[in-house]
Amino acid sequence: MDGTQFEDFVADLCRRDGCTEVRRVGRRGDDGADVRGRLPDGRTMVIQCKRYHPKRKISNGEVRNLLGSQVHFKAEVAVFVTTTYFSGPAERCAVQNGVVAVHRDHLGLWNNGAALPSITAVNGAGQGDRRHRALRKNTYE
């Protein structure tokens, strides 16, 4: 799927989980938001979607850009969804600032039926131990 299809896919997952007012807003000049809406509990959310090759990692700067979007749109929750993993600094930045970091493993769980609120409980975890990271590196590099 291309980037637009990935954004639509994420928006559909949000709708499936009971989010409301969900709309894909991603395009050039989108101020860092690809999907916006409300969580089932009514809080506003902004989502950044990145469909990257597994070798590439999400940088700290990309997480900081989402934090700027959260302020710009006055959203209560920021979610970063990616098909890859976060760099160490990006993961720390997300956790320290309350950004829900949905990497490829969490995305798989979400796609297989786990609700977005349940994924927020494991934020910053699950990128694998040393052995898992070595296997991933051998697979994609």
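The values are calculated or read from the model by the stated rules, or taken from the named source; none is laboratory data. From a predicted model like this one, the values you see are computed outputs, not experimental measurements. Glycine gets a Cβ as well: all are built from the backbone with ideal geometry, and neighbour counts include every protein chain shown. The protein model used for the area step is the full one, side chains on, heavy atoms only, and it has no ligands, DNA or RNA in it. Shrake-Rupley method; radii C 1.70, N 1.55, O 1.52, S 1.80 Å.
The table that follows gives values for the structure above.
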| quantity | calculated |
| --- | --- |
| Of all residues in segment 59-115 being among the β-branched types (Val, Ile, Thr) and more than 11 Å from the chain's Cα centre (by Cα), the one that is farthest from Val46 (Cα to Cα) | Val95 |
| Selected residue (only one of Asp31, Asp12 is of a type in the set (Asp, Glu), open to solvent by 60 Å² or more (accessible area, probe 1.4 Å), over 18 Å from Val122 (Cβ atoms) and out of contact with any helix residue (DSSP H, G or I) (no Cβ under 8 Å at 6 or more places or on another chain)) | Asp12 |
| Residue among Gly61, Gly26 that alone is of a type outside the set (D, E, K, R), open to solvent by less than 30 Å² (accessible area, probe 1.4 Å) and part of a loop (DSSP other than H, G, I, E, B) | Gly26 |
| Subset tally (residues that are open to solvent by 30 Å² or more (accessible area, probe 1.4 Å) and touching a Phe, Trp or Tyr at 6+ places or on another chain (Cβ under 9 Å)) for segment 93-106 | 2 |
| Candidate set: segment 39-52, residues that are open to solvent by 80 Å² or more (accessible area, probe 1.4 Å) and more than 15 Å from the chain's Cα centre (by Cα); chosen: the one nearest to Pro117 (Cα to Cα) | Asp41 |
| Sole residue being free of Cβ contacts under 8 Å to residues at least 40 places away in the same chain and more than 15 Å from the chain's Cα centre (by Cα), chosen from Arg36, Arg16 | Arg16 |
| Subset of segment 90-133 (residues that are in a loop (DSSP other than H, G, I, E, B), modelled with pLDDT of 90 or more and closer than 15 Å to Lys57 by Cα) | His103 |
| Flag for Asp2 being among the acidic types (Asp, Glu) and closer than 21 Å to Ala114 by Cβ | no |
| Residue selected from segment 64-89 under the condition within 14 Å of His106 (Cβ to Cβ) and either in a helix (DSSP H, G or I) or hydroxyl-bearing (Ser, Thr, Tyr) (or both), by the criterion most open to solvent (accessible area, probe 1.4 Å) | Thr83 |
